[in-house]
Amino acid sequence: MNKIEIISYIIFLVHVPLFYFSYNQFYLSFFDFFQLLGFTFLVGTIIISILFFLIRKIKNYNNPIIIFIGLFLFFSYGIFYQFLFDNNISVKHIYLIPVFLSIFILSIKYIPKPSKKIIMVVFTIFLVLIFTDITSFLSNYESDVATTNWKDSNEFDFIDLSGLPSVIYIIPDEYPSERALKTNLNYDNSQFVHNLTEIGFEINYITSNYMYSDISIPSTLNMNYLEKASKSFSYNDEISNSKIVELFKKNNYELILINGGTSVYAESFDENFCENINKNNFSYFTEYLGISMLRPVRSIIVDIIPNSSINEAENRTCFFEQLNNLKNLEGEKKFVFADLLMPHKPYFYQDENGNLQEVNDNEINKHNFIGNLEIVNDKLLTILPNLIRNNPNSIILLMSDHGFRYNLKNFDQDDLVFDNFFAIYLPEGYSLENPGSTVNVFRSLLQNVNHDIQLTENLHFANCGLSPESQRIQIDNMDNFSIRCP
Ligand SMILES: [Zn+2]
């Protein structure tokens, strides 16, 4: 191996995590990046060594071009798989991996020994590549000191909540409406809905205003729309400092958070249950493995590396236990924020003892999604009657943050991504004007104690990128649904 080759390998191995990082930099720290970089170098070096000796053995000479093809195929497999999935083509790994291997075998057979010139051309391409990575990475970090702004609503600065009881807000992430489940996944959820009404829940048809939790939930809690998002937008802070949370605090509510997998931790809350289980630096590792050919076995690898994964099953178990334990909320009034990353992936199944276990493939498909949905249904139908029995005068709001967002077969109405689940238990004497969308839910609830509160317009915003700022593209016409990203 000569110097140019070695530098090219290094550039490529820096490119892979940097490329991933620049797409996720709003969620990852620099420490995460260096972990991903270290892992990429370890795996990359093993692959390069194997391919180097393999090609030398077969061809009797070193061929860096074939090694680059091998590296490229290995590290882009998952991206390609995801691309097919996003375009409605779901292929099984068992068919796609042989295709990738055949491309590699053909390249061994047909790619001739490269001249020095060709290696220099490849080297130059790699230099351009890494230069592009760094530029796009830095451009995301333009100076931005503005704070995040929500559309102003002074009307909520102080409202006397003495007439309002304790509120339990349960968010099953990505739980679709009955209609969306039927249309998109051909799944009949009417039994669950019926069982909820039997125990006193009201079901409403409402939509979400945003497609992603990180804005949808803060918008619900701020009872308004996002005007401007800063680069330092933080889900935790947006919840911690939201209008409704401040209002509950001013009215001496005790604030309780139960973290069911979204890693949410709210500084302003009195209790943050289940959060310790989730404090882990490797939380993006599984997803990162998913971009490479290790995708089908990623959960096995994550299990082998010590401390590399959060015990997701343990966290969800903690969530359901804490939720079930809520008692005497009528004593000191409480606001309970119970954020559950289900039926959203990762996916689980219940073993013969009823314990949650993570599924191995973790791919988004009907089987996995419905599996999670049925666990949520099952747990809630056990927990909710206890909650009502132990806290008969509390309001229980069961509402997802958005609907199911993936193109699977039978997916013919894209606007159903906004169709989310809404059920509410209201004690005697309370009522709710249909809020229409998530932004109005707490406004509608507050109308019970203040008649001046108005509902706001029901708007919908598309997601045109991962940064909070790019999730604010307003959809003008939901009847003729189309997202036009700039
Ligand atoms: Zn969500």
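The residues Ser470, Ser216, Ser431, when put in order of fewest to most other Cβ atoms within 10 Å, stand as Ser431, Ser470, Ser216.
Distance from the C-alpha centroid of segment 1-19 to that of segment 117-196: 33 Å, rounded to the whole angstrom. The loop-placed GluC sites (Glu not before Pro) in segment 117-208, going by DSSP, that have at most 13 neighbouring Cβ atoms within 10 Å of their Cβ come out as Glu142. Where both bridge residues fall in the chain, DSSP classifies roughly 45% of the beta bridges as antiparallel.
Rounded if a/c is under 1.5, else prolate if a/b is larger than b/c, else oblate: which is segment 3-139, with a ≥ b ≥ c the root eigenvalues of its Cα gyration tensor? The shape class here is oblate. The listed peptides 262-271, 84-93, ordered by packing as a protection proxy, come out as 262-271, 84-93 (highest mean of other Cβ atoms within 10 Å first). Please compute the modelled spin-label separation between Val121 and Tyr95, points set 7 Å along Cα→Cβ, answer in nm with one decimal. According to this spin-label approximation, the distance is 3.5 nm. Helix content alone sets the calculated 222 nm mean residue ellipticity of the chain: runs of n ≥ 4 DSSP H residues at -39500 (n - 2.57) each, divided across all residues, give -14500 deg cm²/dmol. Each Lys or Arg adds one and each Asp or Glu subtracts one; over the other residues with Cβ under 11 Å from the Cβ of Phe21, this totals -2. Largest first, the three principal axis extents of the alpha carbons in segment 163-229 are 40, 37, 16 Å in whole numbers.
Panel order for Cys274, Cys318, by other beta carbons found within 10 Å of each beta carbon, from fewest to most: Cys318, Cys274.
Fewest-first ordering of Arg316, Arg389, Arg443 by other beta carbons within 10 Å of each residue's beta carbon gives Arg389, Arg443, Arg316. Within the chain, the proportion of Cα pairs with more than 39 Å between them is 30 percent.
Using the structure shown, list the pairs from Lys57/Lys109; Lys228/Lys249; Lys3/Lys109; Lys228/Lys334; Lys250/Lys333 with a Cα-Cα distance above 23 Å, or answer none. Exceeds cut-off: Lys228/Lys249; Lys3/Lys109; Lys228/Lys334. Of the DSSP H helices in the chain, those that are both long (alpha-carbon extent of 15 Å or more along the helix axis) and hydrophobic (Kyte-Doolittle mean at least -1.0) are 3-24, 30-59, 64-86, 93-110, 116-139, 312-324, 366-390.
Spin-label pair Arg56-Asp188: with each label point 7 Å from Cα along the Cα-Cβ axis, the two points sit 6.5 nm from one another. Between Leu84 and Asp361, full extension at 0.36 nm per residue minus the direct alpha carbon distance yields a gain of 98.1 nm. Simple rule: put +1 on each Lys or Arg Cβ and -1 on each Asp or Glu Cβ in segment 3-139, find the dipole, and look at Leu127, Leu71, Ile105; the Cα lying farthest toward the positive end is Ile105.
Rounded if a/c is under 1.5, else prolate if a/b beats b/c, else oblate: with a ≥ b ≥ c from the C-alpha gyration tensor eigenvalues square-rooted, which is segment 109-228? Here segment 109-228 falls in the oblate category.
Laboratory data are not the source of any read-out in this text; all were calculated from the coordinates shown. All values reported here derive from a predicted model rather than from experimental measurement. With ideal geometry, Cβ positions are generated from the backbone for all residues, glycine too; neighbour counts draw on all protein chains shown.
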